[in-house]
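Visitor: This is the structure I have questions about; it appears just below.
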Amino acid sequence: MGKDGFHVSTRNAVIIIVLFVLICVGVGLMAGLIRAPCPTIVQVTPAPITAGPVDTTTETPSLPQETTTAAPTGPEPWYQVRLPKYFIPQHYHLTQFPHFEGNQNSFEGNVSVRILVTQDTPYLLIHINYLNITMTRVTDYDTGAEKVVKNTFSHTPNQYWVVELSESLAANTVVVLHLSFEGSLDIGIVGFYKSTYTDSRTGLQRSLATTKFQPTSARKAYPCLDEPGLKANFTMTLIHKSEYTPLSNMLPERNETRPDGLIATTFQESPPMSTYLLVFIVCDFAYLENFTSDGLRVRIYAPPDRIEQGRFALEAAVKTHEWFQQWTGIPFQLPKLDHAAIPDYPSGATEHWGLITYREQRLLYTESQSTSSKQSVASIIAHELAHNYWGNPVTCDWWDDIWLNEGFATYFTSKAMAEIDIFQDWAMLDQFVSGTVHRMLAGDAVLSSHPLVKTDVNTPNDINQMFDSVTYSKGASVLNMIEGFMGAAKFQEAIRNFLKEYEFKTAITEQLWAEMQKVMGPGFNVSGTMNTWVRQTGYPVLNVRVEGNTIIASQDRFLYDKNATYDETESPYRYRWDVPLSFTTTTRENGLFWMNRTNEGESNFVLTGVNMANAVVKLNRGNKGFYRVNYSDEMWTKLADVLSSNHTRYQNTDRGNLLDDAFNLARASSLGYDTALSMTRYMSAEESFVVWRTLRSNLDYITTMFASRSTYGLWRKYVRNLSAPTMERLGFVDAGNHLDKLNRADIIRLSCGYGNDACLMNATSMFIDWIESGGTLALPVNLRLNILVYGMSETGGEEEWDFMWQLYQNPNTTASDKLNYLYILSHTKVTWLLNRYIEYAFDESKIPQQDFFTVMRYIASDDIGNPLVWDWVRENWENLVKRFGLEDRYFGQLIPSIVQDYNTKFKLDEVTSFFAKYPDAGAGEQGRLRAVETMKANIAWMENNEQIIANWLTSNV
Ligand SMILES: *[C@@H]1O[C@H](CO)[C@@H](O)[C@H](O)[C@H]1NC(C)=O
Ligand SMILES: *[C@@H]1O[C@H](CO)[C@@H](O)[C@H](O)[C@H]1NC(C)=O
Ligand SMILES: *[C@@H]1O[C@H](CO)[C@@H](O)[C@H](O)[C@H]1NC(C)=O
Ligand SMILES: *[C@@H]1O[C@H](CO)[C@@H](O)[C@H](O)[C@H]1NC(C)=O
């Protein structure tokens, strides 16, 4: 019973792949990643696996690509992907007139860009993409005189509109480039686009025109010098019918009624800002309003029928903004701060200055939603508000330093929320460790990761790829480490100075180090130290033993693959780090040593004032450091004893750190699994959500590997015994504080999912009652998904399945519930129902094509479903190729997502012979290579560890 329930969340690489999309999207979302380009790094790691349906709908269809046959080159500036340095935009006056009602789908606009040209040149260059330019004029800013335009053309490979003048401009001329243009609101949901929704009160469809630019789609809405370092002031005019509301970064300044009855609303001029931060919307939204303590107007905008769902966001936004203002000491630079819920949105949210835009479900929240939804709404608001300091007034000079925006916003989400009263008992900084830090330590332990500050970021494709988990999560982890060794007060002082110094400007990483250097004073080299963390891939593992009162430590690069080979000299620091070696003890002494990268061998650190007879030393206090520690066997034993005798002698982040290091060292063959597993003996006493979250992530990989092995029964018993006391303490009720509610959802997965009878009885009896009530019985919000999933897997036959299917099809079901139902439907154990479900997925009249891959992943992530999907895909391969085309990158991920957890030679042969039969992989080429490599690694892992773990289980369960 319940066997497969958990599999869903653990079994398959599918989910890992979906998960890496989630991680990337999840983070990218916040900043506005468009296509969630994800690095391979997270994919092959034991990243914590989020059980539950994963929202892959964040993916937007790729924009049609303009075919570029081998781009010609030449000396002229348009052959360069970067703009020449001698164009300095100063001001834009942009007018936009969108046509979005009914089936209209276009816009027309004009822009006057004031540009200082600092070098002689006959050319002006400006970015455009998917825009038709209908008029080009150039005037002298000072005299207003026309400059004669000799020629204009677009250079599509680098997305430029090129203007050639009859006479060269002299250096230091200020010109105004006037352009009229036309565009479509219907090319993907980035740039300037149309969004629609159905007003539930009237049943009528409504539409709006809205924008989303970051990083390189501003040029799709208006011609601009589209690089973050080229800040300018903006004056925006929107032309609209009087019944619509025009919104932009600033407040409306004036409006005029045109002869045709339309209104032209002009907004106040903005302070200098980057092109991607401009935002404009014409909509029929309603709003809620409140004010911060110093009088800043905050509004939540949403479709009028659901505006009441914005109450929580309003309170969170006001409180969180007040915290940032107080912590930074910098007043908000704009006259108001709006947040808008957009029905169609490509990412989670984007920090548009003064008017933040969100995917609807990331901003709206009602009591009928889960606690984790509430936390995710509050978190994304905090993330975007952090950008009001890191990103909007102080912007990365170029996308290679985007961590200065996103790493900061990610870290400060947790830091701010941890200190705001309404989120006080959410333990956000502890959650930061179990979520962000642990996840990133896993993601950065493979060769295919990359340095936080990357070189060679040039094309839009390179830029999009920067919005990945390294930028967000490693950036944030590094800041957490810096605050750890600088101390909170100095950290705050340095950051405040940095924000003041670069307000309305851009900054690079070295300028951040310089501000920290001033605060740290001589004697500590900030840049030299920190660059070992941000300018090379990966992180170290410290090998540590204690002799008397001396800690003896050496460092190595940590990689999962012990046999991985790489060239040390490709990193300027030869993969060595300056490590802040902090410690804590059971007798509550804390301290910090610096372990220098230049010391090749062992370093000795003497603990003075610690009575070693009574104290057990643990390194990396609070897991503030971005590294792992491997202790001597003797120390591991002592640490395990501390946990068993009185685990609260270490704080929960230290406990989570010990578990995470032990399991990952074991995975990397640097520690025996018996040692790692022994660390879990005390878990019956563990009450902390964040420790459980870390452990659950680490158990997932083993569960996945053992799923069809004889040891599986014993493994399941071990996990359900481990979780049973906590399951009993929490109970199958939706009660307790915020963290209990989050923890219960995890613990139910470790109970029901591993065959805990009481848990399954609870889930199935509530499921049956719910079915009998025709779905009207209100299930406890935080238990609902688990009840439906385990109910379906335990008792779901044809009738239950069809009932759930009807709910999925109901037009009143929200998008996020639909995704839940697709997930739940994959949990029946009835084979023919699963096969029929696969066919439904392929039938566009039943399930939209965009969800085909999602459903396949859901089904394949189940033990029973996996072979069905694998067979079906092989049998229907040619049809699939016909439907999707080999160049579709999601199609390319399909097979890897099905087979990635296979761990036998037999399965590997099955996969490779299929690949041999269809050698043309198209966009799936890399995915196939990775899948084969991962399967081989799984096989090796099984050979090395299966018996050890089996033995441990036999004598310990
Ligand atoms: C741009 O011009 C092309 C060619 O004339 C036309 O096909 C296209 O529809 C135009 N696009 C817009 C948005 O006006
Ligand atoms: C135009 O401006 C006036 C005053 O500035 C304001 O009361 C009115 O609501 C505006 N009209 C529109 C359609 O925005
Ligand atoms: C841009 O706006 C700022 C005030 O927000 C002003 O001080 C500055 O002069 C403006 N710059 C230009 C080039 O207009
Ligand atoms: C506005 O904030 C105040 C103070 O926190 C609160 O009492 C009031 O209920 C809020 N109003 C709205 C409309 O949310």
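The values are calculated or read from the model by the stated rules, or taken from the named source; none is laboratory data. Nothing here was measured: the structure is a model prediction, and the numbers come from that model. Because the Cβ atoms are built from the backbone with ideal geometry, glycine has one as well, and the counts that use them run over all protein chains shown. Side chains are part of the model used for accessible areas, which takes the heavy atoms of the whole protein and leaves out ligands, DNA and RNA. Shrake-Rupley method; radii C 1.70, N 1.55, O 1.52, S 1.80 Å.
Visitor: Return yes or no: is LYS917 free of Cβ contacts under 8 Å to residues at least 12 places away in the same chain, surrounded by fewer than 20 Cβ atoms within 10 Å (Cβ to Cβ), touching a Phe, Trp or Tyr at 6+ places or on another chain (Cβ under 9 Å) and over 30 Å from LYS717 (Cβ atoms)? Full working, then the answer.
Guide: Numbers: free of Cβ contacts under 8 Å to residues at least 12 places away in the same chain: yes; surrounded by fewer than 20 Cβ atoms within 10 Å (Cβ to Cβ): yes; touching a Phe, Trp or Tyr at 6+ places or on another chain (Cβ under 9 Å): yes; over 30 Å from LYS717 (Cβ atoms): yes.
In short, yes.
Visitor: Would you please name the residue that is nearest to LYS454 (Cα to Cα), looking only at residues in the range 494-528 that are of a type in the set (Val, Ile, Thr), open to solvent by less than 10 Å² (accessible area, probe 1.4 Å) and in contact (Cβ under 8 Å) with a residue 24 or more places away in the chain?
Guide: Looking only at the range 494-528, we keep the residues that are of a type in the set (Val, Ile, Thr), and these are 495, 506, 508-509, 519, 526.
Keeping just the survivors that are open to solvent by less than 10 Å² (accessible area, probe 1.4 Å) gives 495, 509, 526.
Then drop every residue that is not in contact (Cβ under 8 Å) with a residue 24 or more places away in the chain, which leaves 495, 509.
On the way: ILE495: 22, THR509: 11 Å.
Across the range 494-528, the extreme among qualifying residues is THR509.
Visitor: Do we have VAL149 as crowded, with 16+ Cβ neighbours inside 10 Å, aliphatic (A, V, I, L, M) and either in contact (Cβ under 8 Å) with a residue 24 or more places away in the chain or away from ligand 3 (no atom under 16 Å from the Cβ) (or both) here? It would help to see each step written out before you state the result.
Guide: Values: crowded, with 16+ Cβ neighbours inside 10 Å: no; aliphatic (A, V, I, L, M): yes; either in contact (Cβ under 8 Å) with a residue 24 or more places away in the chain or away from ligand 3 (no atom under 16 Å from the Cβ) (or both): yes.
Spelling it out, it is not the case that VAL149 is crowded, with 16+ Cβ neighbours inside 10 Å, aliphatic (A, V, I, L, M) and either in contact (Cβ under 8 Å) with a residue 24 or more places away in the chain or away from ligand 3 (no atom under 16 Å from the Cβ) (or both).
Visitor: List pairs: first in the range 122-143 and assigned by TED's automatic domain parsing to the domain that holds GLN96, second within 16 Å of ligand 3 (Cβ to nearest atom) and part of a loop (DSSP other than H, G, I, E, B), Cβ under 8 Å, 6+ apart or cross-chain?
Guide: The qualifying pairs are LEU125/LEU225; ILE126/LEU225; HIS127/LEU225.
Visitor: (1) closer than 21 Å to ARG928 by Cβ; (2) over 29 Å from the mean Cα position of the chain (by Cα); (3) modelled with pLDDT of 95 or more: which one isn't true of VAL830, the others all being true?
Guide: (1)
Yes/no matrix, rows are residues, columns are (1) more than 16 Å from ligand 1 (Cβ to nearest atom); (2) at pLDDT 95 or above; (3) open to solvent by less than 30 Å² (accessible area, probe 1.4 Å):
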residue	(1), (2), (3)
VAL174	yes, yes, yes
LEU177	yes, yes, yes
GLY183	no, yes, yes
ARG206	yes, yes, no
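Visitor: Can you pull out the residues in the range 466-489 that are closer than 11 Å to THR436 by Cα, of a type in the set (A, V, I, L, M) and at pLDDT below 95?
Guide: VAL470
Visitor: If ARG299 meets every condition in (1) open to solvent by 40 Å² or more (accessible area, probe 1.4 Å); (2) charged (D, E, K, R); (3) within 13 Å of ligand 4 (Cβ to nearest atom) apart from one, which number is that one?
Guide: Every listed condition holds for ARG299 apart from (1).
Visitor: From the set of residues in the range 214-239 that are within 30 Å of LEU262 (Cβ to Cβ) and aliphatic (A, V, I, L, M), which is farthest from ligand 3 (Cβ to nearest atom)? Break it down into steps so the answer makes sense when it comes.
Guide: We begin by selecting, within the range 214-239, every residue within 30 Å of LEU262 (Cβ to Cβ); these are 214, 217-226, 232-239.
Filter once more, so that each one left must be aliphatic (A, V, I, L, M): 218, 221, 225, 232, 236, 238-239.
Numbers: ALA218: 18, ALA221: 21, LEU225: 14, ALA232: 7, MET236: 14, LEU238: 20, ILE239: 23 Å.
For the range 214-239, the residue satisfying everything is ILE239.
Visitor: To continue, here is another question. For the range 252-272, give me each residue that is within 16 Å of ligand 3 (Cβ to nearest atom) and over 12 Å from ILE239 (Cα atoms).
Guide: Step one: list which residues in the range 252-272 are within 16 Å of ligand 3 (Cβ to nearest atom), which gives 253, 266-272.
GLU253, GLN268, GLU269, SER270, PRO271, PRO272 - these are the residues of the range 252-272 that are within 16 Å of ligand 3 (Cβ to nearest atom) and over 12 Å from ILE239 (Cα atoms).
Visitor: Counting residues that are open to solvent by 40 Å² or more (accessible area, probe 1.4 Å), which helices (runs of 4 or more DSSP H) fully inside the range 854-899 reach at least 1? I'd like the intermediate steps shown before the answer.
Guide: On the way: elements: 865-875, 877-884, 889-892, 894-899.
Once the helices (runs of 4 or more DSSP H) in the range 854-899 are filtered for at least 1 residues that are open to solvent by 40 Å² or more (accessible area, probe 1.4 Å), what remains is 865-875, 877-884, 889-892.
Visitor: If a residue must be within 16 Å of ligand 2 (Cβ to nearest atom) and open to solvent by 10 Å² or more (accessible area, probe 1.4 Å), how many such residues does the range 267-288 contain?
Guide: Looking only at the range 267-288, we keep the residues that are within 16 Å of ligand 2 (Cβ to nearest atom), and these are 267-268, 280-287.
After this cut, where a residue has to be open to solvent by 10 Å² or more (accessible area, probe 1.4 Å) as well, the list is 268, 284-287.
The total comes to 5.
Visitor: Kindly establish whether PRO580 is within 26 Å of the chain's Cα centre (by Cα), outside the structural domain of PRO228 (by TED's automatic domain parsing), surrounded by 21 or more Cβ atoms within 10 Å (Cβ to Cβ) and of a type outside the set (A, V, I, L, M, F, W, C).
Guide: Numbers: within 26 Å of the chain's Cα centre (by Cα): no; outside the structural domain of PRO228 (by TED's automatic domain parsing): yes; surrounded by 21 or more Cβ atoms within 10 Å (Cβ to Cβ): yes; of a type outside the set (A, V, I, L, M, F, W, C): yes.
Judged against the criteria, PRO580 is not a match.
Visitor: Let me ask you something else. So is TYR566 of a type outside the set (A, V, I, L, M), under 32 Å from the mean Cα position of the chain (by Cα) and closer than 30 Å to SER274 by Cβ or not?
Guide: Details: of a type outside the set (A, V, I, L, M): yes; under 32 Å from the mean Cα position of the chain (by Cα): yes; closer than 30 Å to SER274 by Cβ: no.
No: the conditions fail for TYR566.
Visitor: Would it be correct to say that VAL318 is away from ligand 2 (no atom under 16 Å from the Cβ) and crowded, with 22+ Cβ neighbours inside 10 Å? Walk me through how you get there before you give the answer.
Guide: Values: away from ligand 2 (no atom under 16 Å from the Cβ): yes; crowded, with 22+ Cβ neighbours inside 10 Å: no.
Here the answer is no, as VAL318 does not meet what is asked.
Visitor: May I ask you to verify whether ARG729 is open to solvent by less than 30 Å² (accessible area, probe 1.4 Å), under 24 Å from MET428 (Cα atoms) and in a helix (DSSP H, G or I)?
Guide: It is false that ARG729 is open to solvent by less than 30 Å² (accessible area, probe 1.4 Å), under 24 Å from MET428 (Cα atoms) and in a helix (DSSP H, G or I).
Visitor: Hey, another quick one. Would you pick out the residues in the range 184-207 that are among the hydroxyl-bearing types (Ser, Thr, Tyr) and part of a loop (DSSP other than H, G, I, E, B)?
Guide: Start the filter on the range 184-207 by keeping residues that are among the hydroxyl-bearing types (Ser, Thr, Tyr), which leaves 184, 193, 195-198, 200, 202, 207.
Result: SER200, THR202.
Visitor: How about the range 611-720: which helices (runs of 4 or more DSSP H) wholly inside it have at least 3 residues that are of a type in the set (Val, Ile, Thr)?
Guide: Details: elements: 633-646, 652-667, 673-678, 689-706.
Qualifying helices (runs of 4 or more DSSP H): 689-706.
Visitor: Among the residues of the range 218-249 satisfying the criterion of being open to solvent by 10 Å² or more (accessible area, probe 1.4 Å) and touching a Lys or Arg at 6+ places or on another chain (Cβ under 8 Å), which is farthest from GLU182 (Cα to Cα)?
Guide: My answer is LYS231.
Visitor: Further question on the same structure: Any idea which residue in the range 98-115 is farthest from GLU167 (Cα to Cα), counting only those that are open to solvent by 40 Å² or more (accessible area, probe 1.4 Å) and of a type outside the set (S, T, N, Q)?
Guide: Initially, the range 98-115 is screened for residues open to solvent by 40 Å² or more (accessible area, probe 1.4 Å), giving 101-106, 108, 110, 114.
Next, only the ones that are of a type outside the set (S, T, N, Q) stay: 101-102, 108, 114.
On the way: GLU101: 44, GLY102: 47, GLU108: 30, ARG114: 18 Å.
For the range 98-115, the residue satisfying everything is GLY102.
Visitor: Also, I was wondering about something else. Within the range 481-493, restricting attention to residues that are free of Cβ contacts under 8 Å to residues at least 40 places away in the same chain and in a helix (DSSP H, G or I), which residue is surrounded by the most Cβ atoms within 10 Å (Cβ to Cβ)?
Guide: In this case the residue turns out to be MET486.
Visitor: Follow-up question, since we're still on this one. In the set ASN944, ASN903, ASN938, which member is within 23 Å of LYS717 (Cα to Cα), touching a residue at least 24 places away in the same chain (Cβ under 8 Å) and out of contact with any helix residue (DSSP H, G or I) (no Cβ under 7 Å at 6 or more places or on another chain)?
Guide: Numbers: ASN903 fails: out of contact with any helix residue (DSSP H, G or I) (no Cβ under 7 Å at 6 or more places or on another chain); ASN938 fails: out of contact with any helix residue (DSSP H, G or I) (no Cβ under 7 Å at 6 or more places or on another chain).
The conditions single out ASN944.
Visitor: Now a separate question. Pick from SER678, SER669, SER632: which is surrounded by fewer than 18 Cβ atoms within 10 Å (Cβ to Cβ), in contact (Cβ under 8 Å) with a residue 12 or more places away in the chain and in contact with a helix residue (DSSP H, G or I) (Cβ under 9 Å, 6 or more places away or on another chain)? Even if it seems obvious, please write down each step before you answer.
Guide: Numbers: SER678 fails: surrounded by fewer than 18 Cβ atoms within 10 Å (Cβ to Cβ); SER632 fails: in contact with a helix residue (DSSP H, G or I) (Cβ under 9 Å, 6 or more places away or on another chain).
Step by step, each of SER678, SER669, SER632 is checked, and only SER669 is surrounded by fewer than 18 Cβ atoms within 10 Å (Cβ to Cβ), in contact (Cβ under 8 Å) with a residue 12 or more places away in the chain and in contact with a helix residue (DSSP H, G or I) (Cβ under 9 Å, 6 or more places away or on another chain).
Visitor: Looking only at the range 814-852, which residues are open to solvent by 10 Å² or more (accessible area, probe 1.4 Å) and assigned to a loop (DSSP other than H, G, I, E, B)?
Guide: Those that are open to solvent by 10 Å² or more (accessible area, probe 1.4 Å) and assigned to a loop (DSSP other than H, G, I, E, B): THR814, LYS829, VAL830, ASP843, GLU844, SER845, LYS846, PRO848.
Visitor: Is there a residue being crowded, with 21+ Cβ neighbours inside 10 Å and within 16 Å of ligand 1 (Cβ to nearest atom) anywhere in the range 153-167?
Guide: Yes: the range 153-167 contains one or more residues that are crowded, with 21+ Cβ neighbours inside 10 Å and within 16 Å of ligand 1 (Cβ to nearest atom).
Visitor: Based on what the data block shows, is SER368 open to solvent by 10 Å² or more (accessible area, probe 1.4 Å) and farther than 18 Å from THR813 by Cα?
Guide: Details: open to solvent by 10 Å² or more (accessible area, probe 1.4 Å): yes; farther than 18 Å from THR813 by Cα: no.
Spelling it out, it is not the case that SER368 is open to solvent by 10 Å² or more (accessible area, probe 1.4 Å) and farther than 18 Å from THR813 by Cα.
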